[in-house]
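The values are calculated or read from the model by the stated rules, or taken from the named source; none is laboratory data. Quick caveat: nothing in here was measured; it's all calculated off a predicted structure. In this analysis, Cβ positions are derived from the backbone assuming ideal geometry, glycine residues included, and neighbour counts consider all displayed protein chains.
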Amino acid sequence: MEGTSMVRDDLFSQMALELEAFDSTDRALETVAHYARVAVNADDAGVMLVTGDTVETPAATSTEVNRAHELQAELGEGPCVAALSGGEQSYRVSNTLDDARWPIWGKAAAGLGYHSVISSSLETTSRRLGSLNAYARAVDAFADEDVEVMTLVAAHASVAIAAAKTRGELHEALGTRTTIGQAQGILMHAFSINSDQAFAYMRRLSQDRNIKLFKIAQEVIGNREELGRGEGVSAV
């Protein structure tokens, strides 16, 4: 038991190091699914997320996982749906064929070849993001210890996913600001105007044409050779 615990501690450390480097939420989710499968010796694993009324599977180790998640969304029942809807932190299914909590989904899951499941909530302090789910083909494949491990993986994953999302949004914001700044500089040089006038011009175009300011800035940069000659973006 102690040896198993040390192996899992090493897995957590390795997962944390990998996740720290990602600024892509998709890559972070794929990594989480991989480590969840390994940590509890599952056949497959995947992440189910909820955005508004949409349930999606952004990361999975097989297409069967995608279908298992889709069926839960369609049927409105299952451990993954329960984990992300405000119920327990984690759920375990020992045999999908005779679990009375989700009888319709259970039979469908068995049809996909899955008989054991652990679902753990992915959440921040303010809301539940989705669920991290491990699947096994054998009956009674997961023990109480596996549920505890999945709960820990999900807790680590929730923090990492939120951090990756924040880093990605920050990089996107910085990239947007840089692009707009470049476009301002081009307009200032082409029309001998100051930065406020250049920004006001792009904002006016954005409003008149109902396109994002970032897209206007990209257009200015793309047409910089024609600016000032009455071509490309219209003169200020």
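One table, with the values for the structure above:
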| read-out | value |
| --- | --- |
| Answer residue from segment 36-68, given it is in contact with a strand residue (DSSP E or B) (Cβ under 7 Å, 6 or more places away or on another chain) and among the polar types (S, T, N, Q) and is farthest from Ser120 (Cα to Cα) among those | Ser62 |
| Segment 83-104: number of residues that are of a type in the set (Gly, Ala, Ser), under 17 Å from Glu148 (Cα atoms) and in contact with a strand residue (DSSP E or B) (Cβ under 7 Å, 6 or more places away or on another chain) | 3 |
| Count - residues of segment 116-138 that are among the β-branched types (Val, Ile, Thr) and part of a strand (DSSP E or B) | 2 |
| Pair list, Cβ under 6 Å, 6 or more apart: segment 120-142 residue of a type in the set (Lys, Arg), other residue modelled with pLDDT of 95 or more and surrounded by fewer than 24 Cβ atoms within 10 Å (Cβ to Cβ) | Arg137/Asp43; Arg137/Gly113 |
| Tabulated pairs, segment 72-86, first closer than 12 Å to Arg101 by Cα, second of a type in the set (Val, Ile, Thr), C-beta under 6 angstrom, 6+ apart or interchain | Pro79/Val93; Pro79/Val117 |
| Residues satisfying the stated conditions in segment 99-111, i.e. farther than 15 Å from Ala141 by Cβ and in a loop (DSSP other than H, G, I, E, B) | Ala100, Arg101, Trp102 |
| Residue under evaluation Ala73, criteria (1) of a type in the set (A, V, I, L, M); (2) touching a helix residue (DSSP H, G or I) at 6+ places or on another chain (Cβ under 9 Å); (3) modelled with pLDDT of 95 or more; (4) not in a strand (DSSP E or B), criterion not met | (3) |
| From Ala83, Ala141, Ala157, residue being surrounded by 19 or more Cβ atoms within 10 Å (Cβ to Cβ), assigned by TED's automatic domain parsing to the domain that holds Thr54 and part of a loop (DSSP other than H, G, I, E, B) | Ala141 |
| Qualifying position, being under 21 Å from the mean Cα position of the chain (by Cα), in the same structural domain as Val117 (by TED's automatic domain parsing), buried (at least 23 other Cβ atoms within 10 Å of the Cβ) and modelled with pLDDT under 95, among Val50, Val65, Val38, Val32 | Val32 |
